[in-house]
């Protein structure tokens, strides 16, 4: 299946050209052949690290 970006689509989202579209996130397949998006995993890891630091500061 393939999709096409129309002029109407670009206009509705305030874009002038295909080059104005955001870059797609990087992804890979995990051991279960499911898509894993690296950007989401990195963000979750950062948030987890921040939450851990906050809990440690509260314990002090």
Let's test the formula: R0 of 25 Å, r as the Cβ-Cβ distance of residue 10 and residue 43. What FRET efficiency results, to the nearest 0.05?
0.35
Measuring from the longest principal axis of the C-alpha atoms of the chain, the long axis of helix 38-59 (C-alpha) lies at a number of degrees, nearest 10, equal to 30 degrees
Under the definition of Cα pairs under 8 Å and six or more residues apart, what whole-number percent is the relative contact order of the chain?
16 percent
Extended-chain gain in nm, criterion 0.36 nm per residue less alpha-carbon gap, residue 55 and residue 23:
8.1 nm
Compare 28, 12, 46 in a GNM of the chain, Cα atoms joined below 10 Å, and give the one with the largest fluctuation.
12
Net lengthening on full extension, residue 1/residue 30 (0.36 nm per residue, minus Cα-Cα)
8.1 nm
Viscosity 1.567 mPa s, 4 °C: Kirkwood-radius Stokes-Einstein D of the chain over Cα pairs, µm²/s
85 µm²/s
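Readers should treat all values here as calculations from the given coordinates under stated rules, not as data from a laboratory. Every value quoted in this text rests on a predicted model; they were computed, and no experiment measured them. In this analysis, Cβ positions are derived from the backbone assuming ideal geometry, glycine residues included, and neighbour counts consider all displayed protein chains.
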